[in-house]
Amino acid sequence: MTLIFKFWIDLLAILLLALGIKGLSKVRSAREANRLAATAMAISVVGVLIGSFGSLVESPEAWVWIILGSALGGFLGAITAQRVAMTAMPETVALFNGCGGMSSLLVALAVRFFPATDSSFGFVETISIVISVFVGSITFTGSIVAMAKLKGWLSTPAWMQNKIRHVINIALSAISLVAIAGLLGGSNSELWLLIVSSSLLGIGVTLPIGGADMPVVISLLNSYSGVAAAAAGFVVGSQLLIVAGAMVGAAGLILTKVMCNGMNRSLLSVLFGGAIGSTPSGGNDSGEYVNITSCSVEECALTLEAAERVVIVPGYGLAVAQAQHTLREVTRALEGNGIDVIYAIHPVAGRMPGHMNVLLAEADVPYEQLKEMDVVNPEFPATDVVLVLGANDVVNPQAKNNPSSPLFGMPVLDVQEARTVFVIKRGMSAGYSGIKNDLFDLANTSMLFGDAKKVLGDLLLELKELGISAKA
Amino acid sequence: MEFAEAFWVLLLGSLLGLELIGKVPPTLHTPLMSGANAISGITMLAALTLIITADGRTPLLIIGAVSLGFALFNVVGGFLVTDRMLAMFSRKSTRK
């Protein structure tokens, strides 16, 4: 009786999860879809509890441990989710993800070291345990390194930029394979070796990857944690776990690919290339700037006052300076004066695709003002002023007109088509790609040097002096 | 569960995942990633099973509880943080 009941509950949970993932890919339904998925998870827990009701009645002490574990994990998770700043979203996702991987790893370990009395390990069980341990370890250490790098706690050590890292990672993979072979032979001691080598492998693969590629890595690790969950499903014999894990694994892989396309990078080059900046690039990429025009905040304010149509291009620098609220005040002032303002969002703007939308939404920017690249590009010729805030590579015209540039082919915003372009930037340093930005050399581009938040604050004051401020 | 049966489940689940994420607007990449991430915390079911079938063996109970804690941290945190992000999209220009 309970088994049939559990079957229907599992089926319901899987259906709701699938609908949840489906809904999460549309703006309108996303929030409900997220709740749906959460409900599905809760239902699945009820399913497990009902399915093993008999053994639960016999061993009341299991309840103590269940409540202890879930209360602690759930409480910490809730606190973290409430406290974390929106700008710190990528590292938070990485942290959560790592913990998911750790959980799969622990399950596999427990099953292998403390098997039920009457069971022996067949080939399939062993393989499942091995995959769960291997992928779980990589997910855990990889995610933690990704988080530490995004937080700025860790930077890439110099030797990691070197080719040596490939040798080390290949050696670690080889050790893992040896350990796996031993485990398949029925020995238990190699399990520790596998944990150590795959944990180090997770670190070794993630550590050399540059900041802007990190989201892709997190997305990939997210896919891995799905794989680890599916493997754990094989270990404990749960179909629900296998389906959910496989869904997350596959969806994560697709999402990773979509992100790579947005940056015109292949997954392989993200994983094995390290930071592009470290590889020598072609002759005309690292050219000197010859025609930089720098201007004052005052000039910028005067130009803005005369404009009718302004496009804001926010980038990574804006997120780092946490200037989105100040930016919103500036645009409010402009709108109050009848100036048309829209935001051009490049697919990989911010620290993670879609991250910029979240940050601007937090600063109360109306959703309708955020325009995607394909929509906004034809409109640049009719635009008076473009404000580029901490974005660099995504506005580099080289991607369109220099076939020898490493950026060539990457979709970019055609800001140079606008009448005037102001680039607010901390200095002349190159963007993430390490490539010269031809935009800065153009006659209609002026540079405003300084921290985005400070420059915008000054701009707000200047605008106020010109009588431009938000309507009360 | 038979291996063949489990393998079919794996295969169909993967296909479903590939099919579900067809065309995602870039706006939703971050929330989708974090939502999918929360779902991958489904290993909490395995941890739960581990505790239930522990049969009073203390090491299993402890590992199970720790594993359950990690998984729930992932699940609860993941869903809440996704909701926080998505809440920002839904409150539109109506709010001043």
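The values are calculated or read from the model by the stated rules, or taken from the named source; none is laboratory data. Note that the structure is a prediction, hence the values are computed from the model and not measured. All Cβ positions, even for glycine, are placed from backbone atoms using ideal geometry, and neighbour counts span all protein chains on display.
For the range A:52-128, which helices (runs of 4 or more DSSP H) that fit wholly inside it have 2 or more residues that are at pLDDT 90 or above and within 7 Å of another protein chain (Cβ to nearest Cβ)? Once the helices (runs of 4 or more DSSP H) in the range A:52-128 are filtered for at least 2 residues that are at pLDDT 90 or above and within 7 Å of another protein chain (Cβ to nearest Cβ), what remains is A:60-83, A:89-113. A search for C-beta distances below 7 Å between a residue of the range A:13-31 that is more than 24 Å from A:VAL48 (Cβ to Cβ) and any residue that is assigned to a loop (DSSP other than H, G, I, E, B), counting only pairs 6+ apart in sequence or on different chains, returns A:GLY23/A:SER29; A:SER25/B:ILE21; A:SER25/B:VAL24; A:VAL27/B:PRO25; A:ALA30/A:LEU24. Only helices (runs of 4 or more DSSP H) whose full extent lies in the range A:214-275 are considered here, and the ones with at least 3 residues that are surrounded by fewer than 24 Cβ atoms within 10 Å (Cβ to Cβ) and within 11 Å of chain B (Cβ to nearest Cβ) are A:239-262.
Residues of the range B:59-80 include none that is at pLDDT below 90, under 19 Å from the mean Cα position of the chain (by Cα) and either surrounded by 22 or more Cβ atoms within 10 Å (Cβ to Cβ) or hydrophobic (A, V, I, L, M, F, W, C) (or both).
Which of the residues spanning the range A:338-354 are in contact (Cβ under 8 Å) with a residue 40 or more places away in the chain and over 23 Å from B:ASP83 (Cα atoms)?
Initially, the range A:338-354 is screened for residues in contact (Cβ under 8 Å) with a residue 40 or more places away in the chain, giving A:344, A:346-349, A:351-353.
Within the range A:338-354, A:ALA344, A:HIS346 meet the criteria.
Within the range B:1-34, the residues that satisfy the criterion of being over 30 Å from A:ASP374 (Cβ atoms), at pLDDT below 85 and not aliphatic (A, V, I, L, M) are B:GLU2, B:PHE3, B:GLU5.
Name the residue, out of B:THR27, B:THR43, B:THR53, that is farther than 17 Å from A:LEU220 by Cα and either more than 7 Å from chain A (Cβ to nearest Cβ) or in contact with a Ser or Thr (Cβ under 6 Å, 6 or more places away or on another chain) (or both). Let's see the steps before the verdict.
Working: B:THR27 fails: either more than 7 Å from chain A (Cβ to nearest Cβ) or in contact with a Ser or Thr (Cβ under 6 Å, 6 or more places away or on another chain) (or both); B:THR53 fails: either more than 7 Å from chain A (Cβ to nearest Cβ) or in contact with a Ser or Thr (Cβ under 6 Å, 6 or more places away or on another chain) (or both).
Of B:THR27, B:THR43, B:THR53, the one residue that is farther than 17 Å from A:LEU220 by Cα and either more than 7 Å from chain A (Cβ to nearest Cβ) or in contact with a Ser or Thr (Cβ under 6 Å, 6 or more places away or on another chain) (or both) is B:THR43.
Among the residues here, B:GLU19 qualifies as surrounded by 14 or more Cβ atoms within 10 Å (Cβ to Cβ) and more than 7 Å from chain A (Cβ to nearest Cβ). Take the residues in the range A:32-69 that are of a type in the set (S, T, N, Q) and more than 18 Å from A:ILE14 (Cβ to Cβ), then tell me which one is surrounded by the fewest Cβ atoms within 10 Å (Cβ to Cβ). Looking at the filtered set, the residue picked out is A:SER55.
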